[in-house]
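Have a look at the structure below, then the notes.
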Amino acid sequence: MSEKIERIKTLILGSGPAGYTAAIYAARADLKPIMYTGMEPGGQLTTTTEVDNFPGYPEGIDGPTMMVQLQQQAERFGTEVRIGMATSVDFSDEIGGIHKVTIDDAKVVEAETVIISTGATAKYLGIPSEQRLRGGGVSACAVCDGFFYKGQDVAIVGGGDTAAEEASYLANICRKVTMLVRKDHMRASKAMQHRVNSLENIELRYNSEVDEVLGEQVVEGLRIVNNQTGEKDEIAITGFFVAIGHKPNTDIFVGQLEMDDTGYLITHGKSTKTSKPGVFASGDVQDKEYRQAVTAAGTGCMAALDAERYLATIEAPEEVS
Ligand code: NDP
């Protein structure tokens, strides 16, 4: 570990819509934010093609372009965006305390406030054909990509609330939705199960798993295996949606911040306050329910406002460079 230590007012971890919106607000409030982008600069949206549901883009925008523009907007007000990954943290329990964040195991940043926007990562099945066709008809976000399969036949895998909700969403757009549930029952709430069962164009297949996603360049079908009988069959589809859960990127905060039993950071009341004073969380890292770019951006704004108010209430800190 090098001896390099830097003291700042506001450190932002993560560079998705939450992080950049926090940066825009924090920079405009003169908090001189420094952002570390994390492993995937731009976040999950950089893996999306077209974003059609972010307000203000009547023609839609592709995910990577949108993230570049958000970065430019954040930099315009003085945010310093750095490539780097927080590898460990030591958050203070004291109001007005200094939080230490180690970047790339090499450098320590000391910050009065930290905004965590490290996001979540969609889980995939992990089979080679699924990985090969990501962006070619395989998606982990029906709300983002479902529209491209309007009037077509699609399939979705998963039996939780997300899968049920996304299957219902797809059923409104697509001709037929085949939903694969690996057990003989769904984990989703009764209300969501009822919704799925009430839609005529959803075919539920229990004890069913994906053997292979078919197609060379784009998805053309699915080979399904019944895990009770071993029987296999194929269906023709153009879109394949994976809805088997997300993993919030919170490993480095274990033991430092309160989390729920699936690792999402807990924020208090309607705020972005975490269990440590001066540490705030925004975006998917604290939201397993909505997970939209626009809701992430909204909570990023909230985190910057919360940080600004927190700094205003603590006693004048020692000089900040
Ligand atoms: P969950 O972890 O609840 O469900 C994941 C589903 O995917 C389960 O049915 C699981 O099967 C299945 N699964 C996992 N791995 C595989 C695999 N390799 N192959 C096939 N199937 C697999 O995740 P969700 O994203 O659905 O929900 C996360 C949380 O968010 C939950 O607490 C949920 O209630 C909440 N939520 C609430 C919403 C709302 O209130 N409107 C909307 C969306 C989510 P198995 O059951 O066999 O383990």
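Some notes on this structure:
One line per residue, one yes/no per condition, for (1) among the acidic types (Asp, Glu); (2) more than 11 Å from the ligand (Cβ to nearest atom); (3) under 26 Å from GLY135 (Cβ atoms); (4) buried (at least 17 other Cβ atoms within 10 Å of the Cβ):
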| residue | (1), (2), (3), (4) |
| --- | --- |
| GLY230 | no, yes, no, no |
| VAL242 | no, no, yes, yes |
| ASN249 | no, yes, yes, yes |
| ASP261 | yes, no, no, no |
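- Restricting the first member to segment 69-81 and to residues that are assigned to a strand (DSSP E or B), and the second to residues that are among the basic types (Lys, Arg), the beta-carbon pairs closer than 8 Å and six or more apart or on different chains are GLU80/LYS32.
- Of all the listed residues (SER88, SER92), the sole one being part of a loop (DSSP other than H, G, I, E, B) and either closer than 30 Å to VAL138 by Cβ or hydroxyl-bearing (Ser, Thr, Tyr) (or both) is SER92.
- For TYR57, the criteria (1) touching a residue at least 12 places away in the same chain (Cβ under 8 Å); (2) closer than 21 Å to ASP145 by Cα hold in every case but one, which is (1).
- Just one of (1) touching a residue at least 24 places away in the same chain (Cβ under 8 Å); (2) out of contact with any Leu (no Cβ under 6 Å at 6 or more places or on another chain); (3) within 12 Å of the ligand (Cβ to nearest atom) fails for LEU199. It is (3).
- Among the residues listed as GLY146, GLY126, the single one being over 23 Å from PHE54 (Cα atoms), of a type in the set (Gly, Ala, Ser) and within 21 Å of the chain's Cα centre (by Cα): GLY126
- In the condition set (1) touching a helix residue (DSSP H, G or I) at 6+ places or on another chain (Cβ under 8 Å); (2) within 10 Å of the ligand (Cβ to nearest atom); (3) not hydrophobic (A, V, I, L, M, F, W, C), ARG182 is compliant with all but (1).
- Unique residue being buried (at least 16 other Cβ atoms within 10 Å of the Cβ), within 16 Å of the ligand (Cβ to nearest atom) and at pLDDT 95 or above when the list is ALA155, ALA188: ALA155
The values are calculated or read from the model by the stated rules, or taken from the named source; none is laboratory data. These figures come from a predicted structure and were not determined experimentally. Because the Cβ atoms are built from the backbone with ideal geometry, glycine has one as well, and the counts that use them run over all protein chains shown.
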